[in-house]
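Student: First the structure, then my questions, so here it is.
The values are calculated or read from the model by the stated rules, or taken from the named source; none is laboratory data. This one's a predicted model, so the numbers in the text were calculated from it and none came from an experiment. Don't worry about glycine lacking a Cβ; one is built from the backbone with ideal geometry, like all the others, and counts go over all protein chains shown. Note: areas computed on protein heavy atoms with side chains; ligands, DNA, RNA excluded. Shrake-Rupley method; radii C 1.70, N 1.55, O 1.52, S 1.80 Å.
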Amino acid sequence: MPRLQQGRRQRPAVDEDEDVDMQEPQEEQDISDGAADETMNAGGPNEELSQLIKKMVRYALACEYSRTPIRRDGIKEKVLGPNGRQFKAVFAGANKQLRAVFGMEMVELPAKDKNLMTTEQKRKAAKSQSQKETTSNAYVLRSILPQELRTPALTHPSKVISADGEAAYTAIYTLIISLITISGGELSDPRLKRHLARLNAAEYMPSMNPNDSANPTEKTEVVLQRMIKHGYLVKTVDNKIGDEDATTWHVGPRGKVEVPLESIAEFVRTIYGGSTPELEAKIQISLKGVKERKPDIKEPDEDDAQRQGGGNEADQEDEEIEEAGPSNGRRRRRG
């Protein structure tokens with residue numbers, strides 16, 4: 001009985017606290033995912049939803065660690081279970097936590113391009129009903145950090161096997177995706193091999209652990225197959241022609257998300273050492289839809305100014321010598 005009386009006496013104080021807390025979700029309703037805040041509060045049926053959100057965040061990070069797409073079927077099976085109807089609420093709450101804590105968000109992968117299908121794949125797609133679906137029902141994590149924070153000093157490569165191997169792998173698929181995109185969206189196999197030969201990577205590339213003295217490199221075909229598996233590249237083979245040109249390379253769904261056109265344009269500017277009017281004109285032609293950027297104006301440094309000033313002084317001395325004319329019966333030579 002004393003415990004019951006004590007609980008009754010404290011009830012009004014609890015009600016007052018609840019009235020104050022109710023004002024916070026009301027203020028956050030203008031945010032797109034503000035409804036997810038209510039799900040993170042403990043107690044009542046929202047406690048179960050909060051646990052599902054945390055589980056969803058862990059599942060998304062685990063998939064991204066191995067570069068596996070976050071598929072909707074996998075979410076229903078490994079996260080939601082019998083709570084399949086709460087997909088939207090769990091997805092919104094998990095995205096809110098990913099943005100606030102990890103600086104990432106889940107975005108849907110583009111659907112498979114039917115133009116990249118072989119003749120046999122098109123026949124199978126025509127017989128099935130899956131071609132009616134316009135979405136991929138698969139997601140990946142994408143960084144939402146501002147451009148000024150996306151520097152190597154702040155965003156180190158992940159240590160899946162080694163940081164050096166991850167950095168090399170990222171650099172290689174970024175280069176190949178840029179070459180394919182600049183070439184019009186597709187690249188024949190012989191042209192890709194010629195580009196890789198210029199980089200001394202036609203036969204071997206750095207492995208995922210280049211610091212391993214036993215296996216510092218891997219065969220190029222093995223690395224390319226890994227990029228296909230991860231969704232960065234798509235390789236199509238048409239057996240009608242019967243030669244090497246029948247094999248073409250395209251950008252995969254993950255490659256389109258992780259390496260958008262703006263990143264390719266910035267990559268090209270870095271390779272060329274800055275922005276010039278001629279380069280920006282070529283970028284606008286090759287990468288349609290990229291925001292136009294003003295060319296970098298390089299201000300002359302002190303050395304250039306001194307060289308330029310020194311040249312002017314030398315010219316002035318030459319002019320004075322010419323005006324002086326012959327001296328002591330001899331013509332003075334310049335310099």
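Student: Want the number for Ala197 to Lys76: 0.36 nm per residue separation, take away the alpha-carbon distance, what's left?
Tutor: Going from the current span to full extension adds 39.0 nm.
Student: I've got another one for you. Once label points are set 7 Å from the Cα along Cα→Cβ at both Val237 and Ser162, what is their separation, rounded to one decimal in nm?
Tutor: Distance between label points: 3.2 nm.
Student: For Glu221, Glu64, write out the residues from largest to smallest accessible area, computed with a 1.4 angstrom probe and no ligands counted.
Tutor: From most exposed to least exposed: Glu221, Glu64.
Student: Also, I was wondering about something else. Which FRET efficiency value, to the nearest 0.05, is calculated for Asn215 and Ile285 with the Förster distance at 41 angstrom and r the Cβ-Cβ distance?
Tutor: 0.45
Student: Could you order the peptides 275-284, 81-90 from most to least packed, using the average number of other C-beta atoms within 10 Å per residue?
Tutor: By packing density, highest mean first, the sequence is 275-284, 81-90.
Student: Quick check on my link table: of Lys235/Lys291; Lys235/Lys288; Lys193/Lys219; Lys112/Lys229; Lys193/Lys235; Lys88/Lys256, which ones sit more than 18 Å apart, alpha carbon to alpha carbon?
Tutor: Over 18 Å Cα-Cα: Lys235/Lys291; Lys235/Lys288; Lys88/Lys256.
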